[in-house]
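Colleague: Supplied in C-alpha cells, the structure appears directly below.
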Amino acid sequence: METGNQLLALLEQRQLQAADKLVEPYLGALDGVFQHTPSGAVLDAEQRQALQQFQAIHEWVGKEKHLAEEELLQFSKAGRASDLYKLNAG
C-alpha cells in the first residue's frame, strides 16, 4: 500500500503535519484491503504486506509515545525540583 509507505516515511522523517493528512486516506485503504476478509481467513500477499505495514506504523507510534511520556516525566520532575528549591531558598 503506497499510502502506508508514504505515511511511515513521513513519520520517520518527523514530518508530522504531512503525515497527519495521510492518516484518513491510509485507514480507508487499509479498510479496503481487509473489508471483505472473514475472520480466521488466510491472508493473501497484499493483506500480509498491509498488516506488516500497519504493525510498523503502530510500533513507531508506540515508541514515540513512550519517548514523549518519558520527556514529560523529566519535565515534571524538573518542575517539582524547581518548586522545592524556591520553597527552601525563600
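The values are calculated or read from the model by the stated rules, or taken from the named source; none is laboratory data. Given the structure is predicted, the values throughout are model-derived calculations rather than measurements. Neighbour counts run over all protein chains shown; Cβ positions are idealised from the backbone, glycine included.
Colleague: Among the residues of segment 27-37, are any touching a Gly at 6+ places or on another chain (Cβ under 6 Å) and either touching a residue at least 40 places away in the same chain (Cβ under 8 Å) or not polar (S, T, N, Q) (or both)?
Modeller: The answer is no, given that none of the residues of segment 27-37 is touching a Gly at 6+ places or on another chain (Cβ under 6 Å) and either touching a residue at least 40 places away in the same chain (Cβ under 8 Å) or not polar (S, T, N, Q) (or both).
Colleague: From the list Ala29, Ala50, Ala56, Ala78, which one is of a type in the set (A, V, I, L, M) and either at pLDDT below 95 or out of contact with any helix residue (DSSP H, G or I) (no Cβ under 8 Å at 6 or more places or on another chain) (or both)?
Modeller: Ala78
Colleague: Here's a follow-up. Given the condition aliphatic (A, V, I, L, M) and under 13 Å from the mean Cα position of the chain (by Cα), answer yes or no: does some residue in segment 30-42 qualify?
Modeller: no
Colleague: Being assigned to a loop (DSSP other than H, G, I, E, B) and either closer than 16 Å to Glu2 by Cβ or small (Gly, Ala, Ser) (or both) is the filter here; which residues of segment 13-59 pass it?
Modeller: Of everything in segment 13-59, those that are assigned to a loop (DSSP other than H, G, I, E, B) and either closer than 16 Å to Glu2 by Cβ or small (Gly, Ala, Ser) (or both) turn out to be Ser39, Gly40, Ala41.
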